[in-house]
Amino acid sequence: MTMMTLVQHVAQGEIKTRGVQQWMLDNIIPLVLLAVAMLLLWLGGGKGDNAGVMRRLAGVVIALAIIGLAVSGLGVNVGEWIAGLFTG
């Protein structure tokens, strides 16, 4: 885009961040997860510390679940369900 076209789009309010969000979800998150997995295997697998690798892997799985809830928008439903367990 030329600078004038960009200024016109900004003035009309047409620039959205949805494309950036979708690109990050499609590209950045899988790359970070791959890097974490390779780091875990390199740190623990080379030393024979399989229990340590599994302990860290459990933390990664929990983090993935939290990211999944945040991205999908189902966090409110889970919160209501947990609250329902205590308020009956």
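Within the range 39-71, the set of residues being open to solvent by 70 Å² or more (accessible area, probe 1.4 Å), of a type in the set (Val, Ile, Thr) and in contact with a Leu (Cβ under 8 Å, 6 or more places away or on another chain) comprises VAL71 only.
Let's see how each residue does on (1) in contact with a helix residue (DSSP H, G or I) (Cβ under 6 Å, 6 or more places away or on another chain); (2) at pLDDT below 75; (3) among the charged types (D, E, K, R):
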{"site": "THR17", "(1), (2), (3)": "no, yes, no"}
{"site": "GLN22", "(1), (2), (3)": "no, no, no"}
{"site": "ILE28", "(1), (2), (3)": "no, no, no"}
{"site": "ASP49", "(1), (2), (3)": "no, yes, yes"}
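Residue pairs whose Cβ atoms lie under 8 Å apart, sitting 6 or more positions apart in sequence or on different chains, and linking a residue in the range 66-88 that is under 28 Å from LEU33 (Cβ atoms) to a partner that is small (Gly, Ala, Ser), are LEU69/GLY75.
The values are calculated or read from the model by the stated rules, or taken from the named source; none is laboratory data. Note that the coordinates shown come from a computational prediction; the quantities given were computed from them, not determined experimentally. Every residue, glycine among them, receives a Cβ derived from its backbone with ideal geometry; neighbour counts consider all protein chains shown. Areas reflect the complete protein model, heavy atoms only, side chains present, ligands, DNA and RNA absent. Shrake-Rupley method; radii C 1.70, N 1.55, O 1.52, S 1.80 Å.
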